[in-house]
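Participant: Have a look at this one before I ask anything.
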Amino acid sequence: MKLTLTAPITAHGEEVTEIEMRDPTGKDVREIGYPYQLNPDESVKLLSAAVCKYITRLGNIPPNAVDSMSPADLNLAGWAVARFFLGS
């Protein structure tokens, strides 16, 4: 899944405007957990700590690059991660 950022970030010493995220594996889920919580009213709450770990791992970018993402891009990336689990 390719994610186009609204604001560039720096990863591995280079400016990045897109993040290509691979599909998660069972090992990823075992090590990180699910990136969301289902509430009793069936709404979905993203779990930011897990989401950030998935962005780092699936997008092959360092944690400090995720830390520098704009809130809008982080939210967009978070829901992109959730779609791997919840569908579209």
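Here, each number is a calculation from the coordinates, and none is a lab measurement. No experiment lies behind these values; they were computed from the predicted model shown. Cβ coordinates were reconstructed from backbone atoms using ideal geometry, including for glycine residues, and neighbour counts include every protein chain displayed.
Participant: Normalise the Cα radius of gyration of the chain by 2.2 N^0.38 Å (N = residues in it) and let me know the number.
Facilitator: 1.05
Participant: Any chance you could give the angle, 0 to 90 degrees and rounded to 10, that helix 48-59 forms with the longest Cα principal axis of the chain?
Facilitator: Result, in degrees: 50.
Participant: Ignoring everything except DSSP H segments at least 4 long, calculate the 222 nm mean residue ellipticity for the chain; use -39,500 (n - 2.57) per segment, divide by total residues, nearest 500. Present the calculation step by step, with values, prior to reporting the outcome.
Facilitator: Values: 4 runs with 40 residues, N = 88.
Taken over the chain, the calculation gives -13500 deg cm²/dmol.
Participant: Something else about it: Lysines near residue 2 by alpha-carbon distance under 18 Å, same-chain residues fewer than 8 away left out - which ones?
Facilitator: Filter leaves 53.
Participant: Pull out the extension gain between residue 12 and residue 49, defined as 0.36 nm times the separation in residues minus the alpha carbon to alpha carbon distance; nm, one decimal. All intermediate terms of the calculation are to be shown ahead of the outcome.
Facilitator: Working: separation 37, 0.36 × 37 = 13.32 nm, distance 2.13 nm.
Using 0.36 nm per residue and subtracting the Cα-Cα distance, I get 11.2 nm.
Participant: How much net charge surrounds residue 28 when only other residues with a Cβ under 12 Å from its Cβ are counted (Lys, Arg +1; Asp, Glu -1)?
Facilitator: +3
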